[in-house]
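> Before anything else, here's the structure in question.
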Amino acid sequence: MKTETTIQGLTASLSPARSSRKSIGFIPTMGNLHQGHLNLVREARKLCDVVVVSIFVNPIQFGPNEDFDNYPRTLEQDRHLLAEVGCDIVFAPSVEQMYGKQPRLTNISVSDITNDLCGLQRPGHFDGVAVVVTKLFNIVQPNFAFFGQKDYQQLAVIKQLVRDLNMAIEVIGVPIARAEDGLALSSRNGYLSEQDRQTAPVIYKSLKTAEHDLQAGQALSEVLAQIRASLTDAGLVIDYVEARSPMLQKVDQFDQDVVLFVAAKLGKTRLIDNLQVKHSA
Ligand code: PAF
């Protein structure tokens, strides 16, 4: 496995694959990798000739009071994990390599679906994601890109971006990887105290109860209220508990498939999760 830290180095490493028309699979990450990321690499490995993973903590997607400075940087550990699951090239650029020294004058903003859910709580976040992902796509020029469904809204934003800007990339969403107790794996889980880690699975449990209750005929508004009550009783501070259609449209009844979304703080750690609930008509 190679590690490249410059765009030039990466381009040179990918050049033989490009000239022999091998398929390139790409997984953008911010490092501090867990099984969720490694599952993305495994999926890419199944489908693509060459697998590239980027590790870049992108400053422009963090708000002023967010955890950019403290975001865990664990490159050596990440490299070992990636080698074990068959990654071919790690791209780990510096901020200067990605953004240069001149001011950036171009922004990329996906409207509508970003003015909701995490977009309301984290203004500018999805613009920062759209810019860095576009830059990474231009640098790597992959055929396939893999994203986790845990960041469901991010996945929808990237799919929209790729469609709107005619990028010749197939975006593949990979199901959420969970701990045995149901907690969705996340780099931020490492911030949880031991006690909060015991509490955190309440999110998934309340989503599963909601799925059961919806499918048993309970009203969507009641089910959402029950999720809110369970989380609040367990000591979480809710950012949002919402239902949307799979395309992120607002829904007020369970008369089609819905996705239930939770974002809540446990201590200082913000956790997100979602569950797709099938409507069997
Ligand atoms: O999901 C993430 O880790 C980041 O938002 C991404 C897609 C790597 C862009 O920085």
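The values are calculated or read from the model by the stated rules, or taken from the named source; none is laboratory data. It should be emphasised that the depicted structure is a prediction, and the values quoted were computed from it without experimental measurement. As a convention, Cβ positions derive from the backbone with ideal geometry for all residues, glycine included, and neighbour counts pool all protein chains shown. Keep in mind that these areas ignore ligands, DNA and RNA; they rest on the heavy atoms of the full protein, side chains included. Shrake-Rupley method; radii C 1.70, N 1.55, O 1.52, S 1.80 Å.
> Within the range 160-191, track down each residue that is among the small types (Gly, Ala, Ser) and open to solvent by 60 Å² or more (accessible area, probe 1.4 Å).
Ala168, Gly190
> Tally up the residues in the range 86-119 that are in contact with a Ser or Thr (Cβ under 9 Å, 6 or more places away or on another chain) and not polar (S, T, N, Q), please.
Final tally of qualifying residues: 7.
> Let me ask something else about it. Quickly run through the range 97-113 and pick out the residues that are outside any helix (DSSP H, G or I), of a type in the set (A, V, I, L, M, F, W, C) and open to solvent by less than 80 Å² (accessible area, probe 1.4 Å).
Ile108, Val110, Ile113
> So which of Leu260, Leu214, Leu231 ends up being buried (at least 18 other Cβ atoms within 10 Å of the Cβ), farther than 26 Å from His34 by Cα and of a type outside the set (Lys, Arg)?
None of the other options fit; the residue is Leu214.
> To continue, here is another question. On the given criteria, is Val90 within 30 Å of Ser23 (Cα to Cα), surrounded by 19 or more Cβ atoms within 10 Å (Cβ to Cβ) and in contact with a Phe, Trp or Tyr (Cβ under 8 Å, 6 or more places away or on another chain)?
no
> Residues being assigned to a loop (DSSP other than H, G, I, E, B) and either touching a residue at least 12 places away in the same chain (Cβ under 8 Å) or open to solvent by less than 20 Å² (accessible area, probe 1.4 Å) (or both): count how many of those fall in the range 238-255.
Of the residues in that region, 9 qualify.
> Looking only at the range 1-43, which residues are in a helix (DSSP H, G or I), within 20 Å of the chain's Cα centre (by Cα) and away from the ligand (no atom under 14 Å from the Cβ)?
Passing the criteria: Gln35, Arg42, Glu43.
> Within the range 114-135, which residues are β-branched (Val, Ile, Thr) and either within 9 Å of the ligand (Cβ to nearest atom) or open to solvent by 30 Å² or more (accessible area, probe 1.4 Å) (or both)?
Hits for the range 114-135 are Val129, Val132, Val133.
> To continue, here is another question. Among the residues of the range 59-79, write down those that are of a type outside the set (Lys, Arg) and either in contact with a Pro (Cβ under 9 Å, 6 or more places away or on another chain) or not in a loop (DSSP other than H, G, I, E, B) (or both).
Answer for the range 59-79, where residues must be of a type outside the set (Lys, Arg) and either in contact with a Pro (Cβ under 9 Å, 6 or more places away or on another chain) or not in a loop (DSSP other than H, G, I, E, B) (or both): Pro59, Ile60, Gln61, Gly63, Phe68, Leu75, Glu76, Gln77, Asp78.
> Restricting the search to the range 44-61, which residues are open to solvent by 30 Å² or more (accessible area, probe 1.4 Å) and away from the ligand (no atom under 14 Å from the Cβ)?
Answer for the range 44-61, where residues must be open to solvent by 30 Å² or more (accessible area, probe 1.4 Å) and away from the ligand (no atom under 14 Å from the Cβ): Arg45, Lys46, Leu47, Asp49.
> Okay, moving on. Could you figure out which of (1) under 27 Å from Leu33 (Cα atoms); (2) among the polar types (S, T, N, Q); (3) in contact (Cβ under 8 Å) with a residue 40 or more places away in the chain; (4) more than 16 Å from the ligand (Cβ to nearest atom) isn't true of Gln195?
Of (1) under 27 Å from Leu33 (Cα atoms); (2) among the polar types (S, T, N, Q); (3) in contact (Cβ under 8 Å) with a residue 40 or more places away in the chain; (4) more than 16 Å from the ligand (Cβ to nearest atom), only one is false for Gln195: (3).
> Let me ask another. Could you grab the pairs with beta carbons closer than 7 Å, sequence gap of 6+ or different chains, first residue in the range 113-134 and among the basic types (Lys, Arg), second one part of a loop (DSSP other than H, G, I, E, B) and within 15 Å of the ligand (Cβ to nearest atom)?
Final answer for the pair search is Arg122/Gly63.
> In addition: What number of residues within the range 137-158 are within 11 Å of the ligand (Cβ to nearest atom) and either closer than 15 Å to Ala263 by Cβ or touching a His at 6+ places or on another chain (Cβ under 8 Å) (or both)?
5
> Next question. Among the listed residues Asn39, Asn32, which satisfies the condition of being buried (at least 17 other Cβ atoms within 10 Å of the Cβ), polar (S, T, N, Q) and over 23 Å from Asp127 (Cα atoms)?
Asn39
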